[in-house]
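Here, each number is a calculation from the coordinates, and none is a lab measurement. As the structure is a computational prediction, the values presented were derived from the model and not from experiment. No Cβ is skipped: glycine too gets one built from the backbone with ideal geometry, and neighbour counts run over all protein chains shown.
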Amino acid sequence: MEKKVRLVYGSLYALNLIIILFISLTICLTIYKINADGMARTFLEEARYLPHVAWKVPTYSILLFLVLGISEVLKLLFGKEDSLWLLYLYLLDLFLLTLISYSLNFSYNVIYLYIIAGLFLHPTGISMRLLILTLALGCFIIFDYDLFSVRVNLLSFKDYVDYHSPQRRIYLYSIKSILTSINLMMIILHFYILINSKIRENKEFIRLNDALKKNLRELNIANGKLEEAGRMKERNRLAHEIHDILGHSLTCISTGLEASLEVAGESPPLLLRQLRKIKKLSDKGLKDIRRSVNELKEDAIGGSSLIPSLKELVENINIPGRQKVMLSIEGKARVMDHDEELTIYRMIQESLTNSIRHGRADRIVVVLYLKETEVSIEIQDNGSGADQIVEHFGLSHMKEQIAILGGSLAHQSRPGEGFYTKATIPLRSARSD
Amino acid sequence: MTRKRRSIVLILLLLAAAALLITGEIRSRRPMVITMSLYTGNSWGVPQNFAYAIYDKGAEMFLSEPGNEDISIEYKTGNLYRYYSEWLARNILTGNEPDLFLMVEEDFNTYASIGLLENLSPYLDSDPDFHRQDYHAMTLEAGSFRGDQYSLPISVVPSFLIVNKSLLEENGISIDREDWDWEQFYTICSRLSRDLTGDGMPDQFGVYGYDWQQALYSSGTTLLSPDSYELAFDDGKMEETLEFLKKMHRLNKGQTVSEKDFERGIVGFRIFNFSEYRTYSSFPYSAIRYTDFDWEAIPMPAGPGGESASKLYTVQLGMSSRSRHKKQAYSYMKYLASNPEFQKEIWHMTNNLPANREVISEIYQGLAKEEPYSKTLDIPFIDSVIRNSYLDPNFKWYRAIDEYVDQKIFTIIAKDQDIPDGIRELRRELESKLLEYR
């Protein structure tokens, strides 16, 4: 695309060169024809102004336009890294174009559009582009023969063409008009291609941005998983340590005490009593350690799946107290990753704890919607509710965990109307399908 | 890498600038050549031998002045007066016009108005050596356009009438110079217009070469206002002029009077100029022309309410506004126009009158005893003729206008058109022409 734009711009330069060549040669050759026809004095009589010197018109205008070409090359070479250079080069361009316009008797102000077309090829700042654009358009408007000749004494291209026979006049006017029209069409083509390429570029940007966003989300999830896995690993290690070292020691102590008790049949009753007491303590300790380790190792949902674990959780609340939790599950059970299951479980657990502890609710309804792409949970209690929801550690942690999975958590509560929680978690399995 | 490239480009640009400066310096050190174009012939149509000699002399004198050692002067010659205008125009279009050029009178207004001529007013105003009062106002006026001076006069040629004294005496006519007006002029001319052979056609005439310009300007009106493109003539005076010309024309009964007729001694008056006067009244020309009768100069007759008026010819020198050596060119043109030594040479080497008045007085003092200048062409006569002369208007398209008026007036006079009708037509058509030129 870049290449295409440059190609059109290059052709625009060539076309302008041809137009300048045409106008300047017409002016120059007309003067030589006037001289050859012996009409010099008459021409000067009819001219309102002193004409440019014949040979200078093509020589200067072409040379100046070639310098403009050099400036274009310089812009390509250095424009990328230094915008100050670009500014100087553009100002030089405008100066050159004004000189060219002058030597062409301001008969070709369309040449300023060439600079405007080029303005969008270089990475200029907005303010600089605006400045050059304003200047170039200003020149385009001011340096028009019809306007400018009011102030400055100049012959027009028409004055030269009108010297020729009507037949030739038609040719000359047609050529100029056709060349100028082609030039305008080329400028339009240039902008068309430029805009098209920009649109394409924009689309590509949007696509890349979307992909980046998605990647970032996935990265966040993976990160969450990794964290969770790390935590689990550490917990397991701790459990093993406790079990292996402390458990082993306590087992040793316990068996040692047993042996001691057997050997100590004749010992004073106080010692026996103490030993039995210690034995009891160590047995209890061992039991406690085993239970703790078990809890640590298996976590709440342990190896079982989410739904049985949830049912167990609810049952555990329902058995002892006056609180009643109703769990309903809608939809088919989905394959979920461990962290997803864990997050859902923790979220429900936390909510129930909050309802009972802070809301003093005695009826809690938990609905679990298992959809194809996401899981949503709605929890409503009949607790005291609150005007303002203060996010303590549990709540904000919950929110964080859900956000890691790309889900959302919302609360709603009013005094006397209980507490409502809704969470939605998109399922990874659905996304990767 | 790019830093390196950029410095290379900068160095190249600096080198280019330095090269330009150096070539400019070398150019300016070469001996300065001032070019100046000359023509042979003149607008008053009097042959001049060795036309360039005076300019060669001028260059020689100027270059021998201290301070002019680095200057050289180059003349572009070889153009007859009538081809000169086209030649100069061609060189202007190709940018080859010389620094200084003699002006063809009709070119002056065109070149001043298109900006080819350098405005000399700033030079003259800041030059303590130039004194406007050294010149007749009319000679400077010929080089001024819209209040600014664009060319300087080198020499002037006033015009006047000459009268065939012998013919007048033969016919028993004497001129009353105190009351020299149209009426007397007409009376004399009508007495001179006589049929001698009895074929019903006059064989002796009143005047040769008297035309509408002399009549109109001496009637006290002008065709155009000096600095605008507007008609200025007074209908009444124009009518008087045309009546007078018609009356004069009728005297000839359709016969065309030629210069030869005057030479043959059968015409009473003819338009004459200073250059002719000097040519034909001194050796060797005096032996060729007008030897059969006695003649002398006389001013134009004054019109009713006007004064005597005759055309003033001047040789004007202009400077191109595109000259590269304006300062030196100005000093040379000023030298030609004002230097007393050179101005004296004009008297000696040409038949023109030097532009510098002081020089004329000086010359006349030296000539006091000599004939024939001291007779009628004395300083008061010359002064009054120049003072009362007219110039073509400072007007770009005047040549075309002049030609048109010529033709129109000829039609009115020769075809005996009704005068008020003719004037109305003239005014209407001139106005539309002027509008077109504007």
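For the reader, a short list of remarks on this structure follows.
- Largest GNM mean-square fluctuation across B:Phe101, B:Phe205, B:Phe50, computed for chain B with C-alpha springs under 10 Å, falls on B:Phe50.
- Cβ-based charge dipole, region A:306-432, positive-most Cα from A:Gly394, A:Ile344, A:Asn382: A:Asn382
- Helix B:53-63 axis, angle to chain B major axis (alpha carbon atoms, nearest 10°): 40
- Judged by the ratio a/c of the largest to the smallest principal axis of the C-alpha gyration tensor, region B:34-99 counts as oblate, that ratio being 1.5 or greater while a/b is no larger than b/c.
- With Cα atoms, 0 to 90° folded angle of helix A:393-404 axis to chain A main axis: 50
- Working ranking of peptides B:5-17, A:280-292, A:36-48 by packing, defined as the average number of other Cβ atoms within 10 Å per residue, highest first, is A:36-48, A:280-292, B:5-17.
- Packing-based order for A:232-238, A:66-72, A:207-213, using average beta carbon neighbours within 10 Å, highest first: A:66-72, A:232-238, A:207-213
- Projected onto planes of every orientation and averaged, the convex hull of the alpha-carbon atoms in region A:95-184 covers 6.6 nm².
- Magnitude of the charge dipole, the protein assembly as shown, Cβ model with Lys/Arg +1 and Asp/Glu -1, debye to 20: 6720
- For region A:306-432, DSSP calls about 70 percent of its internal beta bridges antiparallel.
- 10 Å Cβ neighbours from other chains, averaged over peptide B:106-115: 3
- Cα gyration tensor shape of the protein assembly as shown, rounded if a/c is under 1.5, else prolate or oblate by comparing a/b with b/c: prolate
- With Cα atoms, 0 to 90° folded angle of helix A:338-357 axis to chain A main axis: 60
- With a 10 Å cut-off around each Cβ of B:88-100, the average count of Cβ atoms from other chains is 5.
- A Cα-only calculation for region B:25-155 places Rg and Dmax at 15.7, 46 Å.
- Most simply put, the protein assembly as shown has about 70% antiparallel DSSP beta bridges, counting only bridges with both residues inside it.
- Across B:Thr241, B:Thr110, B:Thr77, mean-square fluctuation computed from a Gaussian network of chain B (C-alpha pairs under 10 Å connected) peaks at B:Thr77.
- Each Lys and Arg Cβ is given +1 and each Asp and Glu Cβ -1; about its Cα centre, chain A then shows a dipole of about 320 debye.
- Amide H partners (placed H, <5 Å) of B:Tyr390, local residues excluded: B:Ser310, B:Lys311, B:Leu312
- For region A:2-164: rounded, prolate or oblate by the Cα gyration tensor [a/c cutoff 1.5]: prolate
- Counting every other Cβ atom within 10 Å of each residue's Cβ, A:Glu340, A:Glu372 order from fewest to most as A:Glu372, A:Glu340.
- Net +/- balance of residues flanking B:Gly303 in space, Cβ distance below 9 Å, scoring K and R +1, D and E -1: -2
- Antiparallel content of DSSP bridges confined to chain B, in %, to 5: 65
- With helices as the sole contributors, chain A gives -23000 deg cm²/dmol at 222 nm; each DSSP H run of n ≥ 4 counts as -39500 (n - 2.57), and the sum is divided by every residue.
- With the charge dipole of chain A set up from +1 on Lys and Arg Cβ and -1 on Asp and Glu Cβ about the Cα centre, the Cα lying farthest toward the positive end among the listed residues A:Val161, A:Ala259, A:Ile100 is that of A:Val161.
- The share of Cα pairs per 20 Å bin across chain A, counted from zero up to the longest distance, runs 18, 25, 15, 17, 15, 7, 2, 0 percent.
- Net charge of neighbours whose Cβ lies under 14 Å from the Cβ of A:Gly224, counting Lys and Arg as +1 and Asp and Glu as -1: -2
- Net charge dipole size for region B:1-147 [Lys, Arg +1 and Asp, Glu -1 on Cβ; Debye, nearest 20]: 1340
- Shielding of A:54-63 by partner chains, average beta-carbon count, 10 Å: 1
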